[in-house]
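Below is one structure, written out as structure tokens; comments come after it.
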Amino acid sequence: MRLLFPLLSFAALSFAQSSLRPPAVPLVTHDPYFSVWSGSDALTGSATRHWTGTDQPLSGLARIDGKTYRYLGDQPRSAEAMKQIRREVTPTRTHYHFEAGGVQVCLVFLTPALPHDLEILSRPVTYVTLEALSTDGATHDVSLYFDASAVLATNTAEQKTVWSHVKVGGGVEAVRAGMERPEMLSRSGDNLRIEWGHVYLALPPQSGGELAVHPRARAEFVRTGQLPEADELEPPARVGREQPQLAAAWRLTGVGKNPVVKWAMLAYDDQFSIQYLQRNLRPYWRRNGMGVAEMLQAAAREYPALAQKTAAFDKELTADLVQAGGAKFADIAVLAYRQALAAHKLVADLDGTPLYFSKENFSNGCIATVDVTYPSAPMFLLLNPKLLKGMLQPMMEYASLPRWRFPFAPHDLGQYPLANGQVYGGGEKTEENQMPVEESGNLLILTAALAEAEGNADFARKYWPVLGKWAEYLREKGMDPDNQLSTDDFAGHLAHNTNLSIKAIVALGSYAQLAEKLGYSGVAAQYRDAARQMARRWPEMAKDGDHYRLAFDKPGTWSQKYNLVWDHLLGLNLFEPEIARTEVAYYLTKQNKYGLPLDNRQTYTKLDWIIWTATLAERKADFEALVEPVWAFLNESPSRVPMSDWYWTLDGKQRGFQARSVVGGVYLPALKDRAMWKKWRSR
């Protein structure tokens, strides 16, 4: 396959420059298991890591006129690091530029995560592209090298792996590695990596490159500029530092001022991804029987078109984000994009229906957590509501079963990747430590938002009995909630929670709106009147001078009222606008260096809730004043992990959580622009 250079030239791919220094940079981002990041300013400053912090090394070397340099990873130290001169992150790409020995090397990680194309979105392939050109007017002898460690296919580096060359067909060549004794969907957990399937490194037809899978691939390239010969026999299992590298190398003779482009595909085939109610589900791309060989051939064949589509997508989305909230808001949302997607797995139900399961990363590992879906929903509502439906449907099906016997909504479906029933709090056994108002309100609001996005309430009609049960529960229990947990469960139980009360009231208005769309006018009137009456009582109960309280019975307290945003976004208009104005004015007096605290009890905050709270602002200056400290946190935080949503506002250190899907919530300001929302959801 011959790829025309201008298609991927860095000169051709121009994006608005951002000065944001990400706390961690996304490289390979597909799902909770296939997710590799760089946690240093220079790509050569440390080993690349899984989002959990476990090393999953990717390495890159450039041999220029007989001298070997590093452009990716921290090994081997004997190879001098190239000078990194530029880094750029867009929604689907991460770009790096390096210089050494009179040669510039450009590296691109492209994950073609197009939200409106579920086939491509679910395909577990990241394209690794290298571009070399002379910077000093001379012609250079250059060889390029890239590898991925077999530990990408293990939970720990001590586990044994086996590897091989594989016949792909269609001119595509590949090497792969996997566990010696794979444990498919055998256990669940939070700080875990995958223990089954295979990691692949593949080259397209006529690539001009070579492949090897060998424990000494990197060392041999450093020594000779070539890859080692394959082992004569099927390799024994290797552990620890003996794990092989899946390596590709290209010899580029006569590199001059005209750039030379080479590329490879890094892929992962897990075969089965999720166990849902005791049935093992395939990744969505496998739903019609496609195997890994056909998938890699399709990925190679479609790369030129995908490169163009993703470049156009990146440019358009970034421009819209700038329009929605300014340049610094756009920086935050761009960085959140691949992280939010990579905290989910898109699978096919037995009938092919797309189901989209989240993992509650570094929280408790729960799968399909409702109060994780709630904050992440804005990105999916904006870009493809089918993905939100894929999150809601498994939970609604579960809640409709006789085994869920409570009058309120569930919290989760289990612990990733086993979605066999709630494990949080009391599970299915007791009401203790549940989130009854929180989760019931979340599902009612999200179902109404989905109906708004799709232009109909067909999804709500299918699950009307359980929605009605939750609405009745909130009408009885939601005005002044009992002592219970909310989504901010790290703060502990709280009675009379004013923000939780807002959620219940908005949820009742949402239910009324759904009833109206379904033609149930009597039900709509009944619940709309209930919501309006509660909304009128709320400020009387919550007022505390120049702001509103954290809890109805706690004078001298305050909290972010982020749940209020849906009153406006859904056009419910239950609360007087003056409430939001009063709160925003008060928040601006309570900010710290890195943002607005969640409430008066601690100086920590939640990144997603700050953006929601900022969306309450009517003035652009107030919105930006609340958003800019979040940008500063990401730019200056000493915690070099994929975007944390829970951090200290005084020193910018991570309090907990990382790489979570909830950062999709930063897209909420874009939903205020109805024309923008309509444009994207109609794709």
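All of the numbers you see were taken from the coordinates with simple rules; none came from a lab. Since the model is a prediction, treat every value here as computed from it, not as a measurement. FYI the Cβ positions are ideal-geometry reconstructions off the backbone, even for glycines, and counts take in every protein chain you see.
A compact table of results
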| item | result |
| --- | --- |
| Aspartates and glutamates with Cα under 13 Å of residue 517, excluding same-chain neighbours fewer than 8 positions away | 452, 454, 458 |
| Residue-by-residue Karplus 3J(HN,Hα) for the range 64-70, coefficients 6.51, -1.76, 1.60, Hz, glycine and proline x | 10, 6, x, 10, 9, 10, 9 |
| Sum of side-chain charges, residue 96 neighbourhood, beta-carbon under 9 Å (Lys, Arg +1; Asp, Glu -1) | +1 |
| Relative contact order (percent, whole number), the range 140-282, Cα cutoff 8 Å, 6+ residue spacing | 33 |
| Sparse-neighbour loop sites [trypsin sites (Lys or Arg not before Pro); the range 423-472; at most 14 other C-beta within 10 Å; DSSP] | 429 |
| Among 538-544, 35-41, the order from most to least packed when residues are scored by Cβ within 10 Å on average | 35-41, 538-544 |
| Over the chain, relative contact order from alpha-carbon pairs under 8 Å, at least 6 apart, % | 13 |
| Proximal charge balance of residue 489 [Cβ under 9 Å; K/R count +1, D/E count -1] | -3 |
| Candidate aspartates and glutamates - alpha carbon under 18 Å from residue 83, same-chain residues fewer than 8 apart omitted | 41, 65, 74, 99, 131, 136 |
| Reachable lysines from residue 160, criterion Cα separation under 27 angstrom, eight or more residues apart if same chain | 345, 359 |
| Charge tally in the Cβ shell below 13 Å around residue 476, where Lys, Arg are +1 and Asp, Glu are -1, residue 476 excluded | 0 |
| For the chain, calculated [θ]222 nm from helices alone, where every DSSP H run of n ≥ 4 adds -39500 (n - 2.57) | -10500 deg cm²/dmol |
| Backbone HN-Hα couplings from phi across the range 551-564 [Karplus 6.51/-1.76/1.60, Hz, Gly and Pro as x] | 9, 4, 9, 10, x, x, 10, 7, 7, 5, 9, 5, 5, 5 |
| DSSP beta bridge pairing in the chain, given as percent antiparallel to the nearest 5 | 95 |
| Flagged links, alpha-carbon separation over 21 Å, of 561/672; 503/561; 315/620 | 315/620 |
| Alpha-carbon centroids, the range 426-441 and the range 407-425: separation in whole Å | 10 |
